[in-house]
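Asks: Have a look at this one.
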Number of protein chains: 2
Amino acid sequence: MTPEQFREAGHDLIDWIADYRAGIGDGPVLAAVEPGQVASSFAPSPPSESVTMTSVLDELNDVIVPGITQVQHPMHYGWFPSNASLSSVLGDMASSGLGSLGISWESSPALTEVEQVVCDWMRQLCGLSERWSGTIHDTASTACFVALLSARERASDHAQVSGGLRDPDRPLTVYCTAQAHSSVRKAALLAGYGADNLRVVDVDPQTYAMKSDDLAAMIESDLAAGAKPACIVATVGTTGTTAIDPLAAVAAIARQHDCWLHVDAAMAGSAMLLPEQRHLFDGIEEADSLCWNPHKWMGTILDTSLYYVADPEHLIRVMSTNPSYLQSAADGKVVQYRDWGIPLGRRFRSLKLLFHLRLDGIESIRARLRRDLDNAQWLAAEIEANPEWDLVAPVPFQTVCTIHRPLGADGMPLNGEELDTHNRAWVERLNRTGNAYLTTTVVEGRWIVRVSIGVESTEREHVEALWALMQTTADETALSVRPE
Amino acid sequence: MTPEQFREAGHDLIDWIADYRAGIGDGPVLAAVEPGQVASSFAPSPPSESVTMTSVLDELNDVIVPGITQVQHPMHYGWFPSNASLSSVLGDMASSGLGSLGISWESSPALTEVEQVVCDWMRQLCGLSERWSGTIHDTASTACFVALLSARERASDHAQVSGGLRDPDRPLTVYCTAQAHSSVRKAALLAGYGADNLRVVDVDPQTYAMKSDDLAAMIESDLAAGAKPACIVATVGTTGTTAIDPLAAVAAIARQHDCWLHVDAAMAGSAMLLPEQRHLFDGIEEADSLCWNPHKWMGTILDTSLYYVADPEHLIRVMSTNPSYLQSAADGKVVQYRDWGIPLGRRFRSLKLLFHLRLDGIESIRARLRRDLDNAQWLAAEIEANPEWDLVAPVPFQTVCTIHRPLGADGMPLNGEELDTHNRAWVERLNRTGNAYLTTTVVEGRWIVRVSIGVESTEREHVEALWALMQTTADETALSVRPE
């Protein structure tokens, strides 16, 4: 495709995207397709002929869009806000258009240095101290994996450059709560610690936050048994209920035992942009690594996961390679981001953040985050005022966790498995309408409903509409199983 | 940013990209900036105000573009072709515009199923059998890491779900040549095998390909010493010289010892699109996993790394997580790509491949690859016909490896360290002009010059111009150190 053909097709695509985003609220939230339905729209054999842009846009309209659960829809309250702000989409487009290659500083000095600049700007905007050096990973899962690899190598005195993980008498142990993200367990297993050495620390039954005294006791017990505590993963804003592990207390324990502390603030990290929320992160300055995702609530399009470390030299020692075909005169004077993560080659991802900050401005981003916090407090108050609904977790951020507890056939409020079944049923019913989307999850053995507020286009009116839908749908579902 | 603001800014950006790409050959290839120069163009503190799109485009022109080594430039012959075809840029734009979230099939059925469809199309276009199931990773480094994790778990009977890597008496060993990509060593170390257990197999001194008899002998020796051979990484198209390890012979050895075989064809895999080149990949059907990057020579923009496995159930067992907040009615009926790699969340990356195939068409891509092969053969013939130049490796693909060997002060051809110094000097001199860009590398202790042909815009005239520049620059460099 020539630049002139690109110009013509590109203008068509820009209009298509603008129309798509403008009309997203008019369609259903949930993709209404059956497994295999999208795939069956394509020929089983690869195409042999080229087609026009018009034909490709038709395919987007007819096949792709109906097959997407619309996370940019103002009535999307599932999982977490996965905002893709249009200003950051422009940054992503610029990155693609430039077609720059990040394999070394020399291959694209701007790609490297803008990433340094922007990571440092974000550090300052979050009120983090100068001790942190940052980079951009694809996701928090990868960042967590890198943290656990770093912890493994610190605890084993860099066994990777000798015999690897081979001391059966002194296993390395990892600590988190059952509310930690699934990527922690995945990272611990992939990093070779072994599931037997992953400790699940108890949580407070009201707040779902890590009990630091339980952590301390577990570590003492592991030490007594000859293990070496290597890493604690603390979460600010857990996936299930946005619980906040007590960082300061956990950090003191980590320091006492020379244990790596990784802070996973993937979703809630955006709140550090608000000075009035930073007290929720007290203790974070004592950690060894931290991660948060601008591609969630803040809204710099996926994949933009910030990873900060206190000791970049250690990170580089664990992750570095220095092949001769990438050596250049600039070595030693510049940052080589290939030594800060797993992939060698990288895209110009920092442009997404640069464009987002330049075009939207930090104050408009902050205003939006505050709007979402207000909306969450409003919904939480409505739920608390309604005797048929329970608020089942604190609401420090933008997620409201609730269950509907109607009267059962015996005239008593539902409980146990019946309660789980009812709540999953009304959420499923609501989601199927396409009018809104919510997620359920298990917390301490109970199914709960998560209302994750924070899509860029979600205003108070949308949250009010959701609350009305929740009540009518839950009531209808209860009636359909309750005797007349 | 509203959709209407995006529409206006987006049209400006499309024109900017089209102009940039149309004019890329008019500027220098190498970024002419000093370390820190780009960073110093930005304020040390984050911006507090938003700015206009015009101002952002000025920043692209004034700061970013001069700081990029232009890998899309027709005179770029460094590292490897890192093509970013404009048709695939459109696919990337569509992905960004959609803002779709891949964390489960349900979050975006189309994202999952188009990836399945396109990976299968690519499999067919490469002439690979139906035994392969594919996914898209960011880079071949990550794919190699996933392969080594898979091999580790097969060899240890899934030690990750029990005690992890803890048997000091039976270390797991990994095999590759010194010509294998640096990511193999990195992956082996990160996966916990330990550098002591990474074996470097000898290469043939003419072809730089793995000597399979040396591999067999090493494995026998390791077995005798009580080790467990876990993984062999064979390369088709090594980074240095595009050498081809003998897959069929290596696969037979792997099978004999139940050793995982991963084939790294990151750069050269594009050649599988050409039926006449497939014989170079004979034996690949016996491997356990293989990776190649459409984001290199084929030109589907970074990050598009295809990873195929013969046993997806094993991959899923090693990589899976199934948190409750992602469970849905579709589980068991659909592919969950989060269980095929490290990150949980993924972009709609398959659109890059879909748009590339749809808009350019496979036959135009194949024609371009054949053009590059022809250009490489032309340059190789020129070099062979010139007594002052040596062709230092076979040319099976698009990379030509050479050295200039002028007469020294004693009237004899340069040798040893003087020869290395001379070749690095003239390449450095040529690169600094900005007129073309080449990379040097060490192969078996000698510095050589790599001419990696294959940028989308590189025609025969550009290769002819390069050859002329190589000769004059090398001669001038030789003269400047040779007595009159």
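The values are calculated or read from the model by the stated rules, or taken from the named source; none is laboratory data. Since the structure is predicted, the reported quantities are computational estimates derived from the model, not experimental observations. Neighbour counts run over all protein chains shown; Cβ positions are idealised from the backbone, glycine included.
Asks: Sort out which residues of the stretch B:347-356 are facing chain A (nearest Cβ under 8 Å) and charged (D, E, K, R), and write them in order of number.
Replies: Listed by number, the list holds a single entry, B:R347.
Asks: Then there's this: How about the stretch B:357-379: which of its residues are facing chain A (nearest Cβ under 9 Å) and in a helix (DSSP H, G or I)? Show your work before the answer.
Replies: Within the stretch B:357-379, the first condition is being facing chain A (nearest Cβ under 9 Å), and the residues that meet it are B:357-364.
Hits for the stretch B:357-379 are B:L357, B:R358, B:L359, B:D360, B:I362, B:E363, B:S364.
Asks: Of these, A:D410, A:D475, which one is more than 14 Å from every other protein chain (Cβ to nearest Cβ) and over 30 Å from A:I24 (Cα atoms)?
Replies: Numbers: A:D475 fails: over 30 Å from A:I24 (Cα atoms).
Matching residue, one of A:D410, A:D475: A:D410.
Asks: When residues of the stretch A:223-257 are filtered for being farther than 29 Å from A:T441 by Cβ and either of a type in the set (S, T, N, Q) or out of contact with any helix residue (DSSP H, G or I) (no Cβ under 8 Å at 6 or more places or on another chain) (or both), how many remain?
Replies: Selection size over the stretch A:223-257: 5.
Asks: Evaluate the stretch A:125-133: report whether one residue or more is facing another protein chain (nearest Cβ under 9 Å), without any contact (Cβ under 8 Å) to a residue 12 or more places away in the chain, out of contact with any strand residue (DSSP E or B) (no Cβ under 9 Å at 6 or more places or on another chain) and closer than 20 Å to B:A39 by Cα. Write out each step before concluding.
Replies: So the first thing to find is which residues in the stretch A:125-133 are facing another protein chain (nearest Cβ under 9 Å), and the list is A:125.
Still in the list and also without any contact (Cβ under 8 Å) to a residue 12 or more places away in the chain: none.
No, there is no match, as no residue in the stretch A:125-133 is facing another protein chain (nearest Cβ under 9 Å), without any contact (Cβ under 8 Å) to a residue 12 or more places away in the chain, out of contact with any strand residue (DSSP E or B) (no Cβ under 9 Å at 6 or more places or on another chain) and closer than 20 Å to B:A39 by Cα.
Asks: For residues in the stretch A:450-465 being within 11 Å of chain B (Cβ to nearest Cβ) and either more than 24 Å from the chain's Cα centre (by Cα) or not in a loop (DSSP other than H, G, I, E, B) (or both), which is surrounded by the most Cβ atoms within 10 Å (Cβ to Cβ)? Please lay out each step first, then the result.
Replies: Applying the first criterion (within 11 Å of chain B (Cβ to nearest Cβ)) to the stretch A:450-465 yields A:450, A:452, A:455-457.
Now drop any that are not either more than 24 Å from the chain's Cα centre (by Cα) or not in a loop (DSSP other than H, G, I, E, B) (or both), which leaves A:450, A:452.
Values: A:R450: 25, A:S452: 28.
This residue is A:S452.
Asks: Same structure, new question: Of the conditions (1) assigned to a helix (DSSP H, G or I); (2) closer than 30 Å to A:N431 by Cα; (3) more than 9 Å from every other protein chain (Cβ to nearest Cβ), B:I136 fails just one. Which one is it?
Replies: (1)
Asks: Output the number of residues of the stretch B:441-468 satisfying the condition of being within 29 Å of A:N322 (Cβ to Cβ) and in contact with a helix residue (DSSP H, G or I) (Cβ under 6 Å, 6 or more places away or on another chain). Show your work before the answer.
Replies: Residues of the stretch B:441-468 that are within 29 Å of A:N322 (Cβ to Cβ), as a first pass: B:441-455, B:458, B:466.
Now restrict to residues that are in contact with a helix residue (DSSP H, G or I) (Cβ under 6 Å, 6 or more places away or on another chain): B:441-442, B:447, B:449, B:453-454.
The qualifying residues number 6.
Asks: Any idea which of (1) without any contact (Cβ under 8 Å) to a residue 60 or more places away in the chain; (2) within 23 Å of the chain's Cα centre (by Cα) is the one B:A159 doesn't satisfy?
Replies: It fails just one condition, (2).
Asks: Do any helices (runs of 4 or more DSSP H) entirely within the stretch A:1-98 hold 2 or more residues that are surrounded by 23 or more Cβ atoms within 10 Å (Cβ to Cβ), and if so, which?
Replies: Details: elements: A:3-22, A:53-59, A:86-98.
Because the criterion is at least 2 residues that are surrounded by 23 or more Cβ atoms within 10 Å (Cβ to Cβ), the helices (runs of 4 or more DSSP H) in the stretch A:1-98 that meet it are A:3-22, A:86-98.
Asks: Mind telling me which of the residues A:A187, A:A143, A:A110 ends up being facing chain B (nearest Cβ under 9 Å), modelled with pLDDT of 95 or more, out of contact with any Pro (no Cβ under 9 Å at 6 or more places or on another chain) and part of a helix (DSSP H, G or I)?
Replies: On the way: A:A143 fails: facing chain B (nearest Cβ under 9 Å); A:A110 fails: out of contact with any Pro (no Cβ under 9 Å at 6 or more places or on another chain).
A:A187 is the lone residue from the list that is facing chain B (nearest Cβ under 9 Å), modelled with pLDDT of 95 or more, out of contact with any Pro (no Cβ under 9 Å at 6 or more places or on another chain) and part of a helix (DSSP H, G or I).
Asks: Against the conditions (1) more than 28 Å from the chain's Cα centre (by Cα); (2) without any contact (Cβ under 8 Å) to a residue 12 or more places away in the chain; (3) more than 7 Å from every other protein chain (Cβ to nearest Cβ), where does A:L57 fall short? Just the number, please.
Replies: With (1) more than 28 Å from the chain's Cα centre (by Cα); (2) without any contact (Cβ under 8 Å) to a residue 12 or more places away in the chain; (3) more than 7 Å from every other protein chain (Cβ to nearest Cβ) applied to A:L57, the lone miss is (2).
Asks: Search the stretch A:108-122 for residues that are under 13 Å from B:F42 (Cβ atoms) and pair each with any residue that is part of a helix (DSSP H, G or I) and polar (S, T, N, Q) when their beta-carbon atoms are under 8 Å apart and the residues are at least 6 apart or on different chains.
Replies: These pairs meet every condition: A:V114/A:S350; A:E115/A:S350; A:V117/A:S350; A:V118/A:S350; A:C119/A:S350.
Asks: Also, quick follow-up: Would it be correct to say that B:S104 is crowded, with 24+ Cβ neighbours inside 10 Å and either outside any loop (DSSP other than H, G, I, E, B) or more than 10 Å from chain A (Cβ to nearest Cβ) (or both)? If you could, list the steps in order and put the result at the bottom.
Replies: On the way: crowded, with 24+ Cβ neighbours inside 10 Å: yes; either outside any loop (DSSP other than H, G, I, E, B) or more than 10 Å from chain A (Cβ to nearest Cβ) (or both): no.
Answer is no for this residue.
Asks: Next question. Is it true that A:S221 is assigned by TED's automatic domain parsing to the domain that holds A:S289 and surrounded by 24 or more Cβ atoms within 10 Å (Cβ to Cβ)? Step through it out loud before you land on a result.
Replies: On the way: assigned by TED's automatic domain parsing to the domain that holds A:S289: yes; surrounded by 24 or more Cβ atoms within 10 Å (Cβ to Cβ): no.
For A:S221, the condition - assigned by TED's automatic domain parsing to the domain that holds A:S289 and surrounded by 24 or more Cβ atoms within 10 Å (Cβ to Cβ) - is not met.
Asks: Do we have any residue at all in the stretch A:69-76 that's touching a helix residue (DSSP H, G or I) at 6+ places or on another chain (Cβ under 8 Å), at negative phi and facing another protein chain (nearest Cβ under 7 Å)? Let's see the steps before the verdict.
Replies: Residues of the stretch A:69-76 touching a helix residue (DSSP H, G or I) at 6+ places or on another chain (Cβ under 8 Å): A:69-70, A:72-75.
Remaining after also requiring at negative phi: A:69-70, A:72-75.
Next, from what is left, pick out any that are facing another protein chain (nearest Cβ under 7 Å): A:69, A:72.
Within the stretch A:69-76, one or more residues are touching a helix residue (DSSP H, G or I) at 6+ places or on another chain (Cβ under 8 Å), at negative phi and facing another protein chain (nearest Cβ under 7 Å).
Asks: Looking at B:G192, is it in contact (Cβ under 8 Å) with a residue 40 or more places away in the chain and closer than 21 Å to B:G226 by Cβ? Give the steps one after another, and end with the answer.
Replies: On the way: in contact (Cβ under 8 Å) with a residue 40 or more places away in the chain: yes; closer than 21 Å to B:G226 by Cβ: yes.
So B:G192 fits the description; yes.
Asks: Continuing with this model, one more query. Looking only at residues that are surrounded by fewer than 21 Cβ atoms within 10 Å (Cβ to Cβ) and closer than 21 Å to B:N322 by Cα in the stretch A:166-184, which one is nearest to the other protein chains (Cβ to nearest Cβ)?
Replies: Here the answer is A:S182.
Asks: Give the number of residues within the stretch A:32-54 that are farther than 25 Å from B:A330 by Cβ and at the interface with chain B (Cβ under 9 Å from one of its Cβ atoms).
Replies: Here is the first cut: in the stretch A:32-54, the residues farther than 25 Å from B:A330 by Cβ are A:45-54.
From the residues that got through so far, the ones that are at the interface with chain B (Cβ under 9 Å from one of its Cβ atoms) too are A:45-53.
Residues in the stretch A:32-54 being farther than 25 Å from B:A330 by Cβ and at the interface with chain B (Cβ under 9 Å from one of its Cβ atoms): 9 in total.
Asks: Can you name every residue in the stretch B:414-440 that is in contact with a helix residue (DSSP H, G or I) (Cβ under 8 Å, 6 or more places away or on another chain) and modelled with pLDDT under 95?
Replies: Correct list: B:L414 only.
Asks: How many residues does the stretch B:113-124 hold that are at the interface with chain A (Cβ under 9 Å from one of its Cβ atoms) and buried (at least 24 other Cβ atoms within 10 Å of the Cβ)?
Replies: Residues that pass the stated criteria total 4.
Asks: Considering only the stretch A:466-481, state which residues are surrounded by 15 or more Cβ atoms within 10 Å (Cβ to Cβ) and either under 30 Å from A:S182 (Cα atoms) or not hydroxyl-bearing (S, T, Y) (or both). Step through it out loud before you land on a result.
Replies: Initially, the stretch A:466-481 is screened for residues surrounded by 15 or more Cβ atoms within 10 Å (Cβ to Cβ), giving A:466-467, A:469-471, A:473-475, A:477-478.
Residues satisfying the conditions are A:L466, A:W467, A:L469, A:M470, A:Q471, A:A474, A:D475, A:A478.
Asks: Quick one: in the stretch A:398-436, of everything that is part of a strand (DSSP E or B) and among the β-branched types (V, I, T), which residue is farthest from the chain's Cα centre (by Cα)? Break it down stepwise before answering.
Replies: Filtering the stretch A:398-436 for residues part of a strand (DSSP E or B) gives A:399-404, A:407, A:413.
When the remaining residues are screened for being among the β-branched types (V, I, T), the result is A:399-400, A:402-403.
Values: A:T399: 13, A:V400: 17, A:T402: 21, A:I403: 24 Å.
This residue is A:I403.
Asks: Further, regarding this structure: Considering every residue within the stretch A:208-220, establish whether at least one is of a type outside the set (A, V, I, L, M, F, W, C), closer than 19 Å to A:T441 by Cβ and over 18 Å from the mean Cα position of the chain (by Cα). Steps first, answer last, please.
Replies: Going through the stretch A:208-220, the residues of a type outside the set (A, V, I, L, M, F, W, C) turn out to be A:208, A:211-214, A:220.
Pick out the ones that are also closer than 19 Å to A:T441 by Cβ and you get A:208.
Within this subset, residues satisfying the condition of being over 18 Å from the mean Cα position of the chain (by Cα) are A:208.
Yes: the stretch A:208-220 contains one or more residues that are of a type outside the set (A, V, I, L, M, F, W, C), closer than 19 Å to A:T441 by Cβ and over 18 Å from the mean Cα position of the chain (by Cα).
Asks: Could I ask something else about it? Scan the stretch A:148-163 and give yes if some residue there is at pLDDT 95 or above and facing another protein chain (nearest Cβ under 7 Å), otherwise no.
Replies: The answer is yes; a qualifying residue exists.
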